[in-house]
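Have a look at the structure below before the remarks.
Just so you know, all these numbers are worked out from the coordinates, no wet-lab data involved. Because the structure is a prediction, the values reported are computed rather than measured. Backbone-built Cβ (ideal geometry, glycine too); neighbour counts: all protein chains shown.
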Amino acid sequence: MEDSLDTLVAAVLSSAKYRHVSPAFIRAVGARELAIRPNLKSAIKATKNALHQAGGAFQDAPIDYAQALSRLHAAAAAPEPDALRDVCRSVMAAHTSTRERLPILDEFYATTLASIPPPARVLDIACGLNPLSRPWMPIPATAEYIACDIYGDQMEFLNAFFALAGYAGRAEVRDVIGSPPDEPADLALILKTLPCLEAIDRHAPARLLDTVRAPLLLVSFPAQSLGGRRKGMVAHYEERFRGQLAERGWPAERFEFRTELAFLVRKGI
Ligand SMILES: C[S@@+](CC[C@H](N)C(=O)[O-])C[C@H]1O[C@@H](n2cnc3c(N)ncnc32)[C@H](O)[C@@H]1O
């Protein structure tokens, strides 16, 4: 089994689409698939399918991080006050999840975070390119920002972005199913991520919600499927999530946007 698992991880990492994905995450998904598939070949295929659903589906073309970074550097040095925001917007369009948020970006954080005390540390869990929307967040310039996702190249890019924008914090490669973050923070962003985690492990959303050590959670769900259909999906996510909140006695404020349904949850730890 260990030999097959090593072969599976190497095979998945050798494909251009998955070479930057956390090897630990590939290993965890691969071990599960090896246990239930008839042979190595079908386990490799099933692992790639699961990785596609978890993250690959949101990047419809490879993102040119070097080019994005040089545009961000040029914008940070430009005299126009909106130059950096304009480039952040254009880079965020390369990831489906942040692209869907662009039409509501001006109101999304201003509305959902309007009532919170200024956070000193923010976690952005399974962040994708969302840390590029930090300029739209009503949080102190000094707030520490800790982001994570399964893509190594994306985390490297975000660390370079934090350095050029002067943001304290870091972006790290982390599988939040196997290692949910437990570092204390004042606010955790868990945006459009719970359904992706649930597709891999149905207990992962509850485990993540319970492990995160922040008194405030901003949790959201997509209001459109990737194909653009709604199909009662939003109602289904909301019902499930409300059940999880009720079990824990956590109150939440609800915000409905055109492309996203969000909840500001008072976990109150
Ligand atoms: C729908 S996108 C949301 C991205 C971002 N939170 C946003 O709202 O723009 C789901 C994200 O979860 C990440 N992801 C999927 N499985 C993960 C895991 N096990 N650990 C960490 N991140 C994961 C994907 O790479 C992707 O960036």
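Details
- Distance in nm between pseudo-label sites at Ile36 and Ala206 (7 Å out along the Cβ direction from Cα): 1.8
- Globularity index of the stretch 1-118 is 1.46 (Cα radius of gyration / 2.2 N^0.38 Å, N = number of residues).
- Label-to-label distance, Asp82 versus Ile104, with points set 7 angstrom from Cα along the beta-carbon direction: 2.2 nm.
- Only Cα pairs under 8 Å and 6+ residues apart enter the sum, and on that basis the relative contact order of the stretch 45-203 stands at 24 percent.
- Theoretical ellipticity at 222 nm over the chain - DSSP helices of four or more residues, -39500 (n - 2.57) apiece, nearest 500: -14000 deg cm²/dmol
- Residue (of Gln53, Ala16, Leu129) at the positive-pole extreme of the chain, dipole from beta-carbon charges: Gln53
- A Cβ-based charge dipole, computed about the Cα centre of the stretch 129-217 with Lys and Arg at +1 and Asp and Glu at -1, lands at about 200 debye.
- Ordering 54-67, 173-186 by mean Cβ neighbour count within 10 Å, with the highest value first, yields 173-186, 54-67.
- Global geometry of the stretch 145-237, whether rounded, prolate or oblate, following the gyration tensor of its Cα atoms and the 1.5 cut on a/c: prolate
- In terms of packing, defined here as the mean over residues of other Cβ atoms within 10 angstrom, the peptides 1-14, 133-146 line up highest first as 133-146, 1-14.
- Measure of compaction for the stretch 2-54 (Cα Rg per 2.2 N^0.38 Å): 0.96
- Measuring nothing but how far apart in sequence close Cα pairs (under 8 Å, 6+ apart) lie, relative to its length, the chain scores a relative contact order of 15 percent.
- Listed values for the stretch 143-158 are Karplus-derived 3J(HN,Hα) couplings in whole Hz (6.51 cos²θ - 1.76 cosθ + 1.60, θ = phi - 60°), namely 4, 7, 10, 10, 10, 8, 6, 8, 9, x, 5, 5, 5, 4, 4, 5, and x replaces Gly and Pro.
- Size of the stretch 95-266: Rg and Dmax of its alpha carbons, in Å, are 15.1, 43.
- Length gained on full extension, Arg254 to Asp6: 84.8 nm, using 0.36 nm per residue less the C-alpha separation.
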